[in-house]
Each structure stands twice: as structure tokens, then as C-alpha cells.
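Every number here is computed from the coordinates shown, using simple stated rules; none is lab data. No experiment lies behind these values; they were computed from the predicted model shown. Don't worry about glycine lacking a Cβ; one is built from the backbone with ideal geometry, like all the others, and counts go over all protein chains shown.
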Amino acid sequence: MRVLVTGHQGYLGTVMVPELQRAGHEVTGLDSGYFAECVLGQAPEAPPTLSVDLRDVRAEHLAGFDAVVHLAALSNDPLGALAPQITYDINHHASVRLARLAKDAGVRRFLYASTCSVYGAAGDELVTEDAPLRPLTPYADSKVRVEDDVAALADSGFAPVFLRNATAFGFSPRLRADIVLNNLVGYAVLTGEVRVLSDGTPWRPLVHAQDIARAFAVCLTAPVEAIACRAYNIGTETNNLTVSQIAHAVVEAVPGATLAITGESGADPRSYRVDFSYARKELGFEAQWSIPDGAAELQREYVARGLTSDAFFHRFTRLAQLRSLQEAGVLDDELRRVRIGA
Ligand SMILES: NC(=O)c1ccc[n+]([C@@H]2O[C@H](COP(=O)([O-])OP(=O)(O)OC[C@H]3O[C@@H](n4cnc5c(N)ncnc54)[C@H](O)[C@@H]3O)[C@@H](O)[C@H]2O)c1
């Protein structure tokens, strides 16, 4: 299958591309390259690449593809809070436009990277895909809007599917240090302390980046009836843990690390426990990675690849990296590349 992967130079995309290639797909990437140089260790092999801002995608970019895997986005809550309008422009408007262009170009499958954070403050009960969506941030809200607007485009020739991923963890050469397990392990490796800034009580379902990649691979080949206009939670119930439980797993994985739950950032209202049985039943998808195994993997890779404090707090933290590209004059206020000599 010919597959266009947007956001392929991000944390998940860098793990997804080789997974899809191993499954026999012919992959092209599309990315604005915000984090292309932010690599820990050896640079990954690049697929054929369209260096294009999502907001500037044109019909000809979509021609000839059987499927689009749409990952490109401002990918977390702090980015959304920093610039809500840009988050809506990229994550919502440009995504819906991409889906329309894909449909017009005859692309059959549109796989969208949504998030379990659409459930917002869901309490202690396990939430299924039918639960009310209560997004608490512009980031999560933008994901809900895309699901609604892209679902409205579905017809017999265009099958969108919404993969509501749990929070990712695990090693990717284009590391993200701003997601909970990656962050706690990195901080512990660098300082000897596992430091939780919240009170540790919120529920956070987690899933390994490689498991997310496999879920997308499954949706590329699943019968169209099993994916058309469906939403699937992607993760596993055994990785529904509180932040405090996650922190204890990190203490076990990082030799000599001590635990501090400071509570200095106050209560975090984003809390949800998720039911993943629908993907298991309908797609036969089962996430494989446990949190202790992921924490051990991260500890090993950080040490082997020489993670530094500077890289951890700057290059591998999405908000800090975007700010630094703006300060260097590479990106303008709207996160567009500044053309030299323009
Ligand atoms: N990582 C997680 O925990 C997680 C969980 C649930 C859902 N998701 C979703 O999965 C997707 C990928 O997440 P990630 O962790 O790899 O994020 P990431 O920030 O590492 O990657 C996002 C990629 O999108 C690209 N991008 C952003 N704006 C763009 C634009 N205007 N034009 C072209 N490219 C643009 C970036 O350059 C980057 O390569 C996102 O949509 C995210 O919301 C991620």
C-alpha cells in the first residue's frame, strides 16, 4: 500500500515509519521539520519526504496514495496553551483540510492520531469509546473537533478511523522528554531523583510508541468495515496507572533513584482510566509493552546514548525547542519557517 505519513519526523512518526515499511508498505513522509534535528544517537533513515507545512498542503501532495496516517500536530497541552489559535489552525483546520484533499484525491483510508485525553476528567470508572468527551485543553478540544468534522466526510469511498492513543512512552530516536514516563526516567537518570510535580493521584493510561505503530499498521489492512468512522482506544488496561504508581516503577528501573512527590504544581484535573477492549475485540489488537519494561528500556537507552541535561530540557522538550527556533529566527510567530531573503 502507498502510505503518506504526516508528522513522520516526530517522536511517534520516527518509530511508525520503519514499522509500516517492515509490514511491506511504501511510505512517504510529510513534515515541517520542527524536530527533524532533535535526535538522540544515530539519525534514522529518512523515507522520501515532502518538506511542507500542513497548512500549505495542496491536492498534488495527496495524489496516488492509498492511505494517509495523520500524525502531524502541535502535540501537547503546553503548546496548545501557549498559542491556542495556532493549535486550532494546525491541529483542527489544517487537519480537516488534509482529510478533504485526501478524499478528493481518492485516498481510501485516513488514520487519525487522536488521544485518550479527549475524555478529560473522567474519574475512576473505565471509559469506553462511547463515553462523553470532555476535553479540558485546546489541544484535546482540537482533537475532538477533527474527529467530528472528518467523520462527516466519510462515505463508501473514504474511510476515516480515529485512534485515541493513550499517552505514549518508550524510546524513539526523536525523543520526547515531555511525556510522563520518558520525563520521569530521564530526570532520574540525570539527577538521581524521581520528581513528581503534581500530587501523583491522576490516572494516566500509557502505551508504548511501538504498540501505537502496530495499531496503525493493523488499521491499514483491517477490513474497511472494521475501521470506517470508528474510534478506538489504543493501549492496555494493565497500563492504567496513577502518576504516583508510574513514579514507583521508575524508582525500580533507575539504580539508586529516590522518590519525591512535591505537589508543587497543584491538582491536575486531567484524569481518566480507559477500557481498551473494543480494539482487542474488533481489530485483534493487544498492546505488548508494560510500564516496568518501558522504564528499563528508557534507562538503558538514555545511558547508552549519553543523554545530557541540556538536550533533555531543551531539544527534547517540544515547547522549549519551538521557542528556541523562534528566538533563532527560524520560525515566525505562527510557527512558519522564515524564508531567507524574503
Ligand atoms: N506522544 C503521545 O503521547 C501522543 C498520545 C496521543 C496522541 N498523540 C498524537 O500523535 C501525533 C504524534 O505525536 P508525537 O508525540 O509524535 O508528537 P511530535 O511533536 O513528536 O511530532 C509531531 C510532528 O508533527 C510535525 N508538525 C507539527 N506541526 C506541523 C505543521 N504545521 N506542518 C507539518 N508538520 C507539522 C512536527 O514537525 C513533528 O514532526 C500527534 O497528533 C499527537 O497529538 C501523541
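Please report the antiparallel percentage of the DSSP beta bridges confined to the chain, to the nearest 5.
10
Which of the three applies to the stretch 62-144, rounded, prolate or oblate, going by the alpha-carbon gyration tensor with a ≥ b ≥ c and a/c under 1.5 meaning rounded?
Oblate is the answer for the stretch 62-144, as a/c is 1.5 or above yet b/c matches or exceeds a/b.
Specify the inter-centroid distance of the stretch 216-292 and the stretch 95-118, based on alpha-carbon positions, in whole Å.
Comparing the Cα centres of the stretch 216-292 and the stretch 95-118, I get a distance of 23 Å.
Size of the dipole of the chain about the Cα centre, Lys and Arg at +1 and Asp and Glu at -1 on the beta carbon, nothing else charged, in debye to 20?
Computed about the Cα centre, the dipole is about 500 debye.
Take the alpha carbon gyration tensor of the stretch 22-108, find the square roots of its eigenvalues, order them as a ≥ b ≥ c, and report rounded if a/c is under 1.5; if not, report prolate when a/b exceeds b/c, else oblate.
Oblate.
Give me the three principal axis extents of the stretch 45-201 from the C-alpha atoms, as integers in angstrom, largest value leading.
52, 40, 26
Classify the stretch 222-342 as rounded, prolate or oblate from the Cα gyration tensor: take a ≥ b ≥ c as the square roots of its eigenvalues, call it rounded if a/c is under 1.5, otherwise prolate when a/b beats b/c and oblate if not.
It is oblate, given that a/c is not under 1.5 and a/b is not larger than b/c.
To the nearest 20 debye, what charge dipole does the stretch 77-218 have about its Cα centre, counting +1 at the Cβ of each Lys and Arg and -1 at the Cβ of each Asp and Glu?
Computed about the Cα centre, the dipole is about 520 debye.
Going by C-beta contacts inside 10 Å, put K103, K281, K143 in order with the fewest on the left.
K281, K103, K143
Once you list every other residue whose beta carbon is under 15 Å from the beta carbon of I261, what net charge do they have if Lys and Arg are +1 and Asp and Glu are -1?
Residues near I261 contribute -2 overall.
Over all directions, how big on average is the projection of the convex hull of the alpha-carbon atoms in the stretch 202-276, in square nanometres?
With the hull built on Cα positions only, its mean projection is 6.7 nm².
D for the chain, whole µm²/s, Stokes-Einstein with Kirkwood Rh over alpha-carbon pairs at 25 °C and 0.890 mPa s: what number?
Answer, rounded: 121 µm²/s.
Mind ordering 325-337, 14-26 by average Cβ neighbours within 10 Å, highest first?
14-26, 325-337
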